[in-house]
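**Q** Okay, here's the structure, questions in a sec.
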Amino acid sequence: FRFKDSLAEDLQSADLVISHAGAGSCLETLEKGKPLIVVINDKLMDNHQLELAKQLHRDGYVLYCNCSTLVETLQSMDLSALKPFPPGQPEKFASFLDKVFAL
């Protein structure tokens, strides 16, 4: 997609998502429980996308590749090996803030 206001409907109906390694895109997809292949842009100077993709892969949540290895990744992927992403726990963050700011 070039630009859409929301990908929620597309994510809901997807069987597999192939995305760049932006944190928002990754987290939104994983929170929906969809299998994710992250395609990194290895031409970025401060390749934070690669760092995020590697960590999510080490944790067992995504597969990752670059543009030149996408076809190979699709041919060899085992989506059953991916772990479900744990749900967020915003109440823990709120509790932490309460303690830090003595609220």
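**Q** Quick query: amide H of Ala21 versus all other amide H atoms, modeled in the peptide plane; which residues come in under 5 Å with a sequence gap of 5 or more or a different chain?
**A** Val39, Asn41
**Q** Something else: Calculate how steeply helix 90-100 sits against the longest principal axis of the alpha-carbon atoms of the chain, using the helix alpha-carbon long axis, and give the answer as 0 to 90 degrees to the nearest 10.
**A** Between the helix axis and the principal axis of the chain, the angle is about 40 degrees.
**Q** How many angstrom lie between the C-alpha centres of segment 59-102 and segment 1-55?
**A** 10
**Q** Which is farthest toward the positive dipole end of segment 7-97 among Leu16, Ile37, Leu97, measuring Cα position about the Cα centre, with Cβ charges +1 (Lys, Arg) and -1 (Asp, Glu)?
**A** Positive-end residue among those listed: Leu97.
**Q** What full-extension length gain, to one decimal in nm, is calculated for Asp15 and Glu72 as 0.36 nm per residue of separation minus the Cα-Cα distance? Spell out each step's value before the answer.
**A** On the way: separation 57, 0.36 × 57 = 20.52 nm, distance 1.87 nm.
My answer for the length gained is 18.7 nm.
**Q** Still on this structure: If the only charges are +1 at each Lys and Arg Cβ and -1 at each Asp and Glu Cβ, what is the size of the charge dipole of the chain around the Cα centre, to the nearest 20 debye? Working shown, then result.
**A** Values: 10 positive and 14 negative charges, 29 e Å.
My answer is approximately 140 debye.
**Q** How large is the direction-averaged shadow of the alpha-carbon convex hull of the chain, in nm²? Please report the intermediate quantities before stating the final value.
**A** On the way: hull surface 35.1 nm².
With the hull built on Cα positions only, its mean projection is 8.8 nm².
**Q** Give the total of Lys-Lys pairs in segment 7-97 with Cα-Cα distances below 17 Å; include a pair only if its members are 8 or more places apart or on different chains. Intermediate values should be presented prior to the final figure.
**A** On the way: Lys32/Lys83; Lys34/Lys83; Lys43/Lys54; Lys54/Lys83.
Going through segment 7-97 pair by pair, I get 4.
**Q** While we're looking at this one, here's another question. Leaving out ligands and nucleic acids, and using a 1.4 Å probe, what accessible area per residue does segment 7-97 come to in Å²?
**A** Numbers: 5990 Å² over 91 residues.
Here the residues of segment 7-97 average 66 Å² of exposed surface.
**Q** If I compute solvent accessible area with a 1.4 Å probe over the protein chains, what percent of it on the chain is carbon and sulfur?
**A** The nonpolar share, carbon plus sulfur, comes to 57 percent.
**Q** Another question, then. Rank-order 2-8, 70-76 by packing density, defined as the average count of other C-beta atoms within 10 Å over each peptide's residues, highest first.
**A** On the way: 2-8: 8.0, 70-76: 11.1.
Packing proxy ranking, top to bottom: 70-76, 2-8.
The values are calculated or read from the model by the stated rules, or taken from the named source; none is laboratory data. Note that this is a predicted model, so its numbers are computed, not measured. Cβ coordinates were reconstructed from backbone atoms using ideal geometry, including for glycine residues, and neighbour counts include every protein chain displayed. For the accessible areas, the whole protein counts, side chains as well, though only heavy atoms, and no ligand, DNA or RNA atoms are used. Shrake-Rupley method; radii C 1.70, N 1.55, O 1.52, S 1.80 Å.
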